[in-house]
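Participant: What follows is a single structure, and I will ask about it in a moment.
The values are calculated or read from the model by the stated rules, or taken from the named source; none is laboratory data. Just so we're clear, the structure is a prediction, and the values are computed from it rather than from any experiment. Neighbour counts run over all protein chains shown; Cβ positions are idealised from the backbone, glycine included. Only protein heavy atoms, including side chains, enter the accessible area calculation; ligands, DNA and RNA are left aside. Shrake-Rupley method; radii C 1.70, N 1.55, O 1.52, S 1.80 Å.
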Amino acid sequence: MSRAKGETAVCEGGRGGPLDVRRFRLTVIEGPARGQVWQSSGARCSLGAHRSNDLVLADPTVSRFHCEVVAEAGELRVLDLQSRNGTVLDGVQVRDARARAGSVLRLGNSALQLELSAEVNEVPLSEATSFGSLSGASPVMRATFALLERAAESDVTLLLEGETGTGKSQAAQSLHRAGARQKGPFVIVDCGAIHGNLLESELFGHEKGAFTGATERRVGAFEEASGGTLFLDEVGELPLDLQPKLLRVLEAREVRRVGANSYRPVDVRVVAATNRDLRADVNAGRFRADLYFRLAVITIHMPPLRRRPEDIPAIVDELLRSLAVRGEAAEPLRAPAFVARLQQAAWTGNVRELRNYLERCAVLRTMGPLAEQAGPGSDELVIDASQPYAAERQRIIAEFERGYFERLLRLHGGKVARAAEAAGVDRTYIYRLLRRHAIEQP
């Protein structure tokens, strides 16, 4: 359904109603597909040479997954997916940039013009303000809940994408509890926390004597999760040599233990999660394209906290209850002025970072600086030992990389060559980290 609307890219729907997303159109004006037109029916358009994209460009200079146009938060964004030739918006190479009506996108030898329509597409919203342990009344969260509710009705393989701390693990557990397999086991394998040599045994099991130290038979996660759900957390960290073995299990629904000669059938639903864009990893050769398609039968993007600031007051109340912060200690943390400050912060670590910040404020009885307000000398390493080791380690490393290279670039006026020389690293390494953390050059 479409209706005439005003000038914003996204309009909020009423409670239980749809989310209105500004309709946009892409027209190929240069390149082999010249004259091709694509009209949006939702909030996203993926562009690239692979046939699975929304807009397929048969151009050898275009990457398999080149870029994405997203309508969100009142704007149209263009996201480069670590393409080979880069994405150029109105003459400027970009990683994550705001587009406008009439903007021209250049992908290799192809160019496209972006046009905005006066009509909108309707994205369904859930009537509920929670899904399992996830909560949020914002339109973007209720749109996510609507997708999770539909996914819970089926048994298909699902890929959850989103930044660290956006609730991917909670979403996986909530899907399991809301689905037909809720009485079966829910088994978690963190692909980033287990060494590659041990991960195969963790997933598929092994026979006694299969390798040094295998003193007894071990049932793998796929067999352990029989009749239930297997959650593959941080699946983007899966070593390349294990990826074809996982692909075979997903296709044939049978596993072979390490050291065994026969296959065993498995009956599991697989839910995978990653904080990386696997399409970019496919472009870079770090992830198999066929495995990506097998995992991403349904893909759900978990929105970052900065896209739903209206949910922060309720999240603060919930976190303070979970941290057992009460009485006088909780009052300043619920004060409207303080909560308003929280709503203006970036929260690169999302709800997990917000929880750590509130806990620190409650313990120290002082309102410490928010991350983006902290000066160069006020950084403090905050470790949350209640989180899994791999997730906490990854969060801390990501925060260090982001903070270090943002300041390094500012120190050298945005000149990557000078920054690389001063840091003692290769320029290509800096460019890769800039793309990974979506750091804009000054």
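Participant: Would you mention how many residues in the stretch 177-220 are open to solvent by less than 20 Å² (accessible area, probe 1.4 Å) and under 24 Å from the mean Cα position of the chain (by Cα)?
Facilitator: Total meeting the criteria: 6.
Participant: Given the residues 231, 211, which is the only one that is out of contact with any helix residue (DSSP H, G or I) (no Cβ under 6 Å at 6 or more places or on another chain) and among the aromatic types (Phe, Trp, Tyr)?
Facilitator: Within the list 231, 211, the selection yields 211.
Participant: Let me ask something additional. Could you say whether any residue in the stretch 3-13 is of a type outside the set (Asp, Glu), at pLDDT 85 or above, open to solvent by 70 Å² or more (accessible area, probe 1.4 Å) and outside any loop (DSSP other than H, G, I, E, B)?
Facilitator: Checked the stretch 3-13: no residue is of a type outside the set (Asp, Glu), at pLDDT 85 or above, open to solvent by 70 Å² or more (accessible area, probe 1.4 Å) and outside any loop (DSSP other than H, G, I, E, B).
Participant: Among the residues of the stretch 296-312, are any modelled with pLDDT of 95 or more and under 20 Å from residue 185 (Cα atoms)?
Facilitator: no
Participant: Which of the residues belonging to the stretch 71-92 are within 21 Å of residue 308 (Cβ to Cβ) and either at pLDDT 90 or above or open to solvent by 10 Å² or more (accessible area, probe 1.4 Å) (or both)?
Facilitator: Passing the criteria: 72, 73, 74, 75, 77, 79.
Participant: Determine, yes or no, whether residue 137 is part of a loop (DSSP other than H, G, I, E, B) and more than 22 Å from residue 343 (Cα to Cα).
Facilitator: Criteria not met by residue 137.
Participant: Which condition from (1) closer than 25 Å to residue 236 by Cα; (2) among the charged types (D, E, K, R); (3) in contact with a Pro (Cβ under 8 Å, 6 or more places away or on another chain) is the one that residue 122 breaks?
Facilitator: For residue 122, the exception is condition (1).
Participant: Return a yes/no flag: does the stretch 153-163 have any residue that is assigned to a loop (DSSP other than H, G, I, E, B), over 22 Å from residue 221 (Cα atoms) and touching a residue at least 40 places away in the same chain (Cβ under 8 Å).
Facilitator: yes
Participant: Hey, another quick one. Restricting to the stretch 298-315, give me the number of residues that are closer than 13 Å to residue 161 by Cα and hydrophobic (A, V, I, L, M, F, W, C).
Facilitator: 3
Participant: Confirm whether residue 37 is aliphatic (A, V, I, L, M) and in contact (Cβ under 8 Å) with a residue 24 or more places away in the chain.
Facilitator: Against the criterion (aliphatic (A, V, I, L, M) and in contact (Cβ under 8 Å) with a residue 24 or more places away in the chain), residue 37 does not qualify.
Participant: Right, something else. Under the condition of being surrounded by fewer than 16 Cβ atoms within 10 Å (Cβ to Cβ) and over 26 Å from residue 184 (Cβ atoms), which residue from the stretch 260-291 is modelled with the highest pLDDT?
Facilitator: 290
Participant: Of all residues in the stretch 391-442, which are closer than 18 Å to residue 83 by Cα and among the hydrophobic types (A, V, I, L, M, F, W, C)?
Facilitator: 430, 433, 434, 438, 439
Participant: Next question, about the same structure. Need pairs with beta-carbon distance below 6 Å; first residue more than 17 Å from residue 109 (Cβ to Cβ) and within the stretch 45-60, second assigned to a loop (DSSP other than H, G, I, E, B) and polar (S, T, N, Q); sequence gap 6+ or separate chains.
Facilitator: 46/53
Participant: I'm checking my understanding of the structure. Among residues of the stretch 168-202 that are among the hydrophobic types (A, V, I, L, M, F, W, C) and part of a loop (DSSP other than H, G, I, E, B), which one is farthest from residue 233 (Cα to Cα)?
Facilitator: If we take residues in the stretch 168-202 being among the hydrophobic types (A, V, I, L, M, F, W, C) and part of a loop (DSSP other than H, G, I, E, B), then 180 is farthest from residue 233 (Cα to Cα).
Participant: Please state which one of 260, 280 is assigned to a loop (DSSP other than H, G, I, E, B) and either free of Cβ contacts under 8 Å to residues at least 40 places away in the same chain or not charged (D, E, K, R) (or both).
Facilitator: From the options 260, 280, the qualifying one is 260.
Participant: Let me ask something else. Restricting to the stretch 121-134, name every residue that is assigned to a loop (DSSP other than H, G, I, E, B) and either open to solvent by less than 10 Å² (accessible area, probe 1.4 Å) or among the aromatic types (Phe, Trp, Tyr) (or both).
Facilitator: 126
Participant: Checking residue 359 against (1) within 20 Å of residue 325 (Cβ to Cβ); (2) at pLDDT below 80, only one condition comes out false. Which one?
Facilitator: (2)
Participant: On the basis of being touching a strand residue (DSSP E or B) at 6+ places or on another chain (Cβ under 8 Å) and farther than 23 Å from residue 146 by Cα, does residue 84 make the cut?
Facilitator: no
Participant: Please work out if residue 163 is under 21 Å from residue 254 (Cα atoms), open to solvent by 40 Å² or more (accessible area, probe 1.4 Å), acidic (Asp, Glu) and touching a helix residue (DSSP H, G or I) at 6+ places or on another chain (Cβ under 8 Å).
Facilitator: Taking the combined requirement at face value, the residue does not satisfy it.
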